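Read-outs throughout are calculated quantities, based only on the coordinates presented, and are distinct from any laboratory measurement. Owing to the predicted nature of the structure, the values given are computational and were not obtained by experimental measurement. Cβ placement follows ideal geometry from the backbone for every residue including glycine, while neighbour counts extend to all protein chains displayed.
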Amino acid sequence: MARGGHTPVDTLLPVSAADPAKDVDQSSASADSAHSAHSADAAQAAHYAAASMGPYPILVAVLCSVLIIANIGATKLIAFGPIIVDGGAFLFPLTYIVGDILTEVYGWRAARRAVLTGFAMSILAAATFWLVQISPGADAYENQAAFEAVLGFVPRIVLASVCAFLVGQLLNSYVLVRIKARTKERYLWARLVGSTAVGELADTVVFCTIAFAGIISGVEFLTYVVVGYVYKTSVEVVLLPVSYRVIAWMKRLEPSYALPASDSPMRPSTSTL
C-alpha cells in the first residue's frame, strides 16, 4: 500500500495493460522472428511444382515418344568392332534425362505417374504391332517379313523392355527425391548423376538378362551389359549442362515451385509410394 492508503493503478494491472506499447513491440518482434525462421526453413526446403499445370503434360508426351522410338530401335544389335549395343542406345538415355527433369521439378508422385503412362503406352504399342503383324496382308503387300523383322511382336523383347523401363525409372525417381530430401536445393549434379547411375544399372541388367541371356553369352554378354551401362550413364554426365539449363528454366516457369512442398495442397508428396 502506498502512503495515504491509496494503491497506484499501474501496480494492480498486468504489465501489458500498464505498458501497451511495450507489448505491441514484443508481439511484433516475435512475429518477425517467426517469419524469418519460416523464410529460412522455406529457403532450405526441397521444392516441387504442381503437376497439374505448365509443361508437365508435354514432358510426359516426350518421355513416352522417346521410349517407344527407342524400343523399336532396340530390335537391332549394332557392332562397333568388339563393342555390341542395341539401336535403342542412340535415344534411350534421354528417357532418364527427361525422367530426372520430371522428378526434380514435380516430385515423386508426378514422376511415377509419367513412368506408368510410358509403361502403358509401351504395352499399347506392342499390342498394336502384334495385331498388325497377325492380320492378313493384302495381295499387293510384299513386306510382311520386313515388318516382322522390325516391328514384329517378340514377347521376350517386349517383356524385357517394359520390365526394365518400369524398374529402372522408378528407382531413378525414388533415389533422386531421397537425395533431394537431404540436399534440398543444393548439389543438383549429385541427384542427377546418382539417381541415373542406380536406375540405369537396374534397367540395363534387367533388359539384357531377359532379352538376350542365352542369345549372347560369355564375354559378349558381359561386354554388352557393361558397355550399355557405362554409355547410358556417361550420356547423363555429358549432358549435365543441358539438364541444368532446362531444369532452371522450368523452375522459373513454374510459379508453384516458389513454395516448399508442404505449402501447396496440389504439390505431390515424396514421402510415400
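In whole percent, what relative contact order does segment 46-148 give with Cα contacts below 8 Å and a gap of six or more residues?
Computed over segment 46-148, the figure is 29 percent.
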Local net charge near Val235, Cβ-Cβ under 15 Å (Lys/Arg +1, Asp/Glu -1): -4
DSSP-assigned coil residues among GluC sites (Glu not before Pro) in segment 98-151, each with at most 10 further Cβ atoms within 10 Å: Glu142
Net +/- balance of residues flanking Leu63 in space, Cβ distance below 13 Å, scoring K and R +1, D and E -1: +1
Distance between modelled label sites at Ala190 and Ala127, nm, 7 Å Cα→Cβ extension: 4.4
Semi-axis lengths (Å, descending) of the ellipsoid that matches the C-alpha gyration tensor of segment 56-143: 29, 20, 9
Environment charge of Thr95, counting only residues whose C-beta is closer than 13 Å and scoring Lys/Arg +1, Asp/Glu -1: -3
When segment 96-196 is reduced to its Cα atoms, the Kirkwood hydrodynamic radius in Å: 15.6
³J(HN,Hα) computed for each position of segment 75-92 - Karplus, 6.51 cos²θ - 1.76 cosθ + 1.60, integer Hz, glycine/proline x: 6, 10, 8, 10, 10, 9, x, x, 8, 10, 9, 9, x, x, 5, 5, 10, 4
Radius, Kirkwood style, for segment 20-263 when every pair of distinct Cα atoms is counted (Å): 20.1
Extension gain from Glu148 to Glu220, taking 0.36 nm per residue of separation minus the Cα-Cα distance: 23.3 nm
